[in-house]
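Asker: First, the structure itself, so that you have it in front of you.
The values are calculated or read from the model by the stated rules, or taken from the named source; none is laboratory data. Everything quoted here is computed from the prediction, not taken from an experiment. Please note: Cβ atoms are built from the backbone with ideal geometry, for glycine as well, and neighbour counts cover all protein chains shown.
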Amino acid sequence: SQLPGIDDDDDIFPSLPPLLDGHPDIHLRNGIMNASVLAAKHDPDAEKAFFVGDLSQVYRQHLRWQACLPDIRPFYAVKCNPDPYVLRLLAALGAGFDCASNGEISQVLALGVDPSRVIYANPCKATSFVREAGRVGVDMMTFDNADELHKIARAHPNAQLVVRILTDDTKSLCALGVKFGAPLATVPGLLAKAKELNLNVVGVSFHVGSGCYDPSVLLDVGGGFEDALFEQTAANLTEAIAFYFPDRSGFKIIAEPGRFYVATAFRLAANIIARRAPLTEAHRDDAPPSDKPSVMYYINDGVYGAFNCILFDHQTARPYVLSMADSFHIADSEPLTISSVWGPTCDSIDCVCLATPLPSALRVGDWLGFDNMGAYTSCAASQFNVFEVSKVVYTTGGGFGASEVRSALARFAAEGHGL
Ligand code: PLP
């Protein structure tokens, strides 16, 4: 059951992009074992950090979405993780796409996705970007200010507009209201301006959990769906929609989920490239206080790379040991030491974890693992100090959904879609 262009080779070192069967854990292990073979050959690839992306997990999240929110069409927020296989799979499953730039639009359209499946959900766009969206047939776009309406009237007068309104986002990780969203009081003026400019406003967008107004055709409930709270959020949303819009005939509801689809589908394996004692403690005679790190580990991905999610997405990294001294058997009795974990760059802000318990026997060459690394990680990684962005090894997972993922991707490719 080989897919066109996809190698079923068992050699999964990240320089190869195969799509493999098997549990993500196995791929982490195989990647590390491969790395140790390469290390023996002094291959510089041996130590590279790598992601394992489990496409079946993306598929399972899609099933969860369909089960809990059958009437809301997901437009996957590409910004969250524009991974080519994730995009392909979601396109094959019939999702729409929330794009924030022309680059994202190009990436999605290159898959053969119809432009009607794209919403340009960035309320402040350059005029040239609006014009380009019109040229490629992307009509649906958000706005929250009058200048945007003037731009759109000039550059894409046939656009289908969605007014993004400001809502209470104080309980969100990233409060976007400081940057986007029209206060409700300004909306009538904006709608009047749109009418004056002969523009077509088709809907309203807002964030989950708030809002009470009267859309004519389209309601966009945005993103922000958290994995652990998903069922509860979906139930609240369903209840609110039923309450505020008892008659929904003739109007579509869409959402822009990002992290929900990908956060749990990616893990990262990073190699310990250096180790040292904290400076302050090294210069003290007494033992370090027990709650302060007594060892510093340096790994080969950091906040300028995949862990930019710590700075930009307010995440906390929780490392665990993947392999120690070439062994995957880490005894429960292994003594733990409070440790700090640092990225590879020369900047001291590059701290992945300030204090976390790790086995005291960890050495240079051992591997740490990090779960939930699929959202807002490599997409926002820089190459500061010219460190490479960690590559992805793909798996269809060992659990439910593997064969569905393979056949969805194969069907998609057979229809002539692809990258
Ligand atoms: N839609 C818009 C307009 C956004 O700005 C974002 C995130 O920044 C999303 C959707 C996706 O949010 P999340 O990944 O939390 O679902």
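Asker: List, please: which pairs have Cβ atoms under 7 Å, are six or more places apart or on different chains, and start with a residue in region 194-223 that is crowded, with 20+ Cβ neighbours inside 10 Å and end with one that is of a type in the set (Lys, Arg) and at pLDDT 90 or above?
Answerer: Between residues of region 194-223 that are crowded, with 20+ Cβ neighbours inside 10 Å and residues that are of a type in the set (Lys, Arg) and at pLDDT 90 or above, the close pairs are Ser205/Arg164.
Asker: Given the conditions (1) surrounded by fewer than 16 Cβ atoms within 10 Å (Cβ to Cβ); (2) hydroxyl-bearing (Ser, Thr, Tyr); (3) modelled with pLDDT of 95 or more, and given that Thr142 satisfies all but one, which numbered condition is not satisfied?
Answerer: (1)
Asker: Residue by residue through region 238-264, note down the ones that are touching a strand residue (DSSP E or B) at 6+ places or on another chain (Cβ under 9 Å) and within 13 Å of the ligand (Cβ to nearest atom).
Answerer: Hits for region 238-264 are Ile254, Ala255, Glu256, Pro257, Gly258, Arg259, Phe260, Tyr261, Val262, Thr264.
Asker: Give me the residue from region 303-327 that is touching a residue at least 60 places away in the same chain (Cβ under 8 Å) and in a helix (DSSP H, G or I) and, out of that set, nearest to Cys174 (Cα to Cα).
Answerer: Phe312
Asker: If Leu268 passes every condition in (1) surrounded by 13 or more Cβ atoms within 10 Å (Cβ to Cβ); (2) more than 16 Å from the ligand (Cβ to nearest atom); (3) farther than 22 Å from Ala306 by Cβ but one, which one does it miss?
Answerer: Tallying (1) surrounded by 13 or more Cβ atoms within 10 Å (Cβ to Cβ); (2) more than 16 Å from the ligand (Cβ to nearest atom); (3) farther than 22 Å from Ala306 by Cβ, Leu268 fails exactly one: (3).
Asker: Okay, next question. Return a yes/no flag: does region 115-127 have any residue that is of a type in the set (A, V, I, L, M, F, W, C), outside any helix (DSSP H, G or I) and away from the ligand (no atom under 16 Å from the Cβ).
Answerer: For region 115-127, residues of a type in the set (A, V, I, L, M, F, W, C), outside any helix (DSSP H, G or I) and away from the ligand (no atom under 16 Å from the Cβ): present.
Asker: Let me ask something else. Which condition from (1) touching a residue at least 12 places away in the same chain (Cβ under 8 Å); (2) under 30 Å from Ala100 (Cα atoms); (3) among the β-branched types (Val, Ile, Thr) is the one that Thr337 breaks?
Answerer: Here Thr337 meets the rest and fails (2).
Asker: Which is more than 29 Å from Phe260 (Cα to Cα) and either in a strand (DSSP E or B) or not assigned by TED's automatic domain parsing to the domain that holds Val295 (or both), of Thr345, Thr337?
Answerer: Exactly one residue qualifies, and that residue is Thr337.
Asker: Is it fair to say Gly416 is out of contact with any helix residue (DSSP H, G or I) (no Cβ under 8 Å at 6 or more places or on another chain) and part of a loop (DSSP other than H, G, I, E, B)?
Answerer: Working: out of contact with any helix residue (DSSP H, G or I) (no Cβ under 8 Å at 6 or more places or on another chain): yes; part of a loop (DSSP other than H, G, I, E, B): yes.
Spelling it out, Gly416 is indeed out of contact with any helix residue (DSSP H, G or I) (no Cβ under 8 Å at 6 or more places or on another chain) and part of a loop (DSSP other than H, G, I, E, B).
Asker: Kindly check whether there is at least one residue in region 205-217 that is away from the ligand (no atom under 14 Å from the Cβ), modelled with pLDDT of 95 or more, assigned to a loop (DSSP other than H, G, I, E, B) and under 24 Å from Val118 (Cα atoms).
Answerer: no
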